[in-house]
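Derivation of every value follows stated rules applied to the coordinates shown; laboratory data play no part. Keep in mind the model is a prediction, meaning the values are calculated, not measured. All Cβ positions, even for glycine, are placed from backbone atoms using ideal geometry, and neighbour counts span all protein chains on display.
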Amino acid sequence: MSAPYLSVDRERCIGAGMCAMTAPGMFDQDPDDGLVLLLHAQPPTALRAAAQMAVGVCPSGAITLHEPEPGGLGAEPQRRATGDEDPGGV
Ligand code: SF4
């Protein structure tokens, strides 16, 4: 996939709803459990800034924006750091 795309981790989502408020065309909340629903995995160009903003405002780091590497086949994920990542090492 060469265009940026979004993924969400409903296991991490805490239902804060910031994504749906920031980018309502791309995210919604499940009426049953309040967790994130990804409406469009590939944000159109006009909504990419809002998608990046949603990544930044999500308090649980549940949203990842995968940006294609220049000249590469893969995508480099961007997710907000939450401070509970395993730093590895000692
Ligand atoms: S902002 Fe993050 S925690 Fe809140 S509903 Fe969206 S994905 Fe879930």
**OP:** Could you work out the relative contact order of segment 5-79, using alpha carbon pairs under 8 angstrom and six or more residues apart, expressed as a whole percent?
**Re:** 34
**OP:** For segment 26-42, just list the computed ³J(HN,Hα) in residue order, Karplus coefficients 6.51, -1.76 and 1.60, θ = phi - 60°, integers in Hz, with x standing in for Gly and Pro.
**Re:** 10, 10, 9, 10, 4, x, 7, 10, x, 7, 4, 10, 8, 8, 9, 6, 10
Subject >> Helix-only CD estimate at 222 nm, as mean residue ellipticity for the chain, using -39500 (n - 2.57) per DSSP H run (n ≥ 4) >> reply: -4500 deg cm²/dmol
**OP:** Quickly rank 50-62, 21-33 as a protection proxy: mean count of other C-beta atoms within 10 Å, highest first.
**Re:** 50-62, 21-33
**OP:** Report the net charge of residues surrounding Leu39, where surrounding means a beta-carbon distance below 12 angstrom and charges are Lys +1, Arg +1, Asp -1, Glu -1.
**Re:** -2
